[in-house]
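First up is the structure itself, then whatever we jot down about it.
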Amino acid sequence: MPLKIIDHNSKEYHQMIQLRDEILRKPLGLYFDPEDIHKEKNDLLIGAFEEDKLIGCCMLTATNPKTCRLRQMAVSSNLQKKGIGASIISFAENVARDRGYHTIIMHARKSVIGFYQKFGYTISGDEFEEVTIPHYLMKKELT
């Protein structure tokens, strides 16, 4: 399963939007607007592929020179719990480290806290609501 950084507005990026919409947005009754997509042009866009088909993704957004935020993690529904998410996390952490980041933070959905804790992410703060559901700020120091 190849993992790679993909270009904004590429064919792979459009697959990424479709996967994120299906897994993360539509179940909550939410949709992307063009401004959301435009804001992602400076993010590191990471995709996992099976042949030419995107099967998982995430994004890294710089918050300051030493910290980035992992966002929009999604894996195709029929392929979840098969190690794809773990591979994406590992790849994203290596990319962040290579780019000089020391810390990764995220707004993790309450339902997936346990997944991220397996990789050393810790809860930092109280529960809050985002996109209509409970989240926690999580972080991990990269060494």
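Key figures for this structure:
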{"read-out": "Given (1) more than 14 Å from the chain's Cα centre (by Cα); (2) under 16 Å from His102 (Cα atoms); (3) buried (at least 17 other Cβ atoms within 10 Å of the Cβ), index of the condition Phe49 fails", "value": "(2)"}
{"read-out": "Residue list for the range 1-35, restricted to those being touching a helix residue (DSSP H, G or I) at 6+ places or on another chain (Cβ under 6 Å), more than 15 Å from Leu79 (Cβ to Cβ) and of a type in the set (A, V, I, L, M)", "value": "Ile6"}
{"read-out": "Residue check for His135: in contact with a His (Cβ under 6 Å, 6 or more places away or on another chain) and modelled with pLDDT of 95 or more", "value": "yes"}
{"read-out": "Criterion (modelled with pLDDT under 95, surrounded by 14 or more Cβ atoms within 10 Å (Cβ to Cβ) and over 25 Å from Ser124 (Cα atoms)) met by exactly one of Leu54, Leu79", "value": "Leu79"}
{"read-out": "Members of the range 112-143 that are of a type in the set (Ser, Thr, Tyr), within 21 Å of Leu30 (Cα to Cα) and loosely packed, with under 14 Cβ neighbours inside 10 Å", "value": "Thr132"}
{"read-out": "Those strands (runs of 3 or more DSSP E) lying entirely in the range 1-87 with at least 2 residues within 19 Å of Tyr116 (Cβ to Cβ) and touching a residue at least 12 places away in the same chain (Cβ under 8 Å)", "value": "44-50, 53-64, 67-75"}
{"read-out": "Residue within the range 101-111 that is surrounded by 19 or more Cβ atoms within 10 Å (Cβ to Cβ), touching a residue at least 12 places away in the same chain (Cβ under 8 Å), over 15 Å from the mean Cα position of the chain (by Cα) and more than 18 Å from Glu22 (Cα to Cα) present", "value": "yes"}
{"read-out": "Selection count where residues are among the polar types (S, T, N, Q) and in contact (Cβ under 8 Å) with a residue 60 or more places away in the chain, scope the range 112-135", "value": "1"}
{"read-out": "Complete set of residues in the range 12-47 that are closer than 21 Å to Thr63 by Cα and of a type in the set (A, V, I, L, M, F, W, C)", "value": "Ile37, Leu44, Leu45, Ile46"}
{"read-out": "Any chance Ile23 is at pLDDT below 95 and surrounded by 18 or more Cβ atoms within 10 Å (Cβ to Cβ)", "value": "yes"}
{"read-out": "Of all residues making up the range 88-97, the number that are surrounded by 14 or more Cβ atoms within 10 Å (Cβ to Cβ) and either under 14 Å from Phe119 (Cβ atoms) or of a type outside the set (A, V, I, L, M, F, W, C) (or both)", "value": "6"}
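The values are calculated or read from the model by the stated rules, or taken from the named source; none is laboratory data. What you are looking at is a predicted structure, and each value in this text was computed from that prediction instead of being measured. Counting neighbours? That spans all protein chains shown, and the Cβs are built from the backbone with ideal geometry, glycine included.
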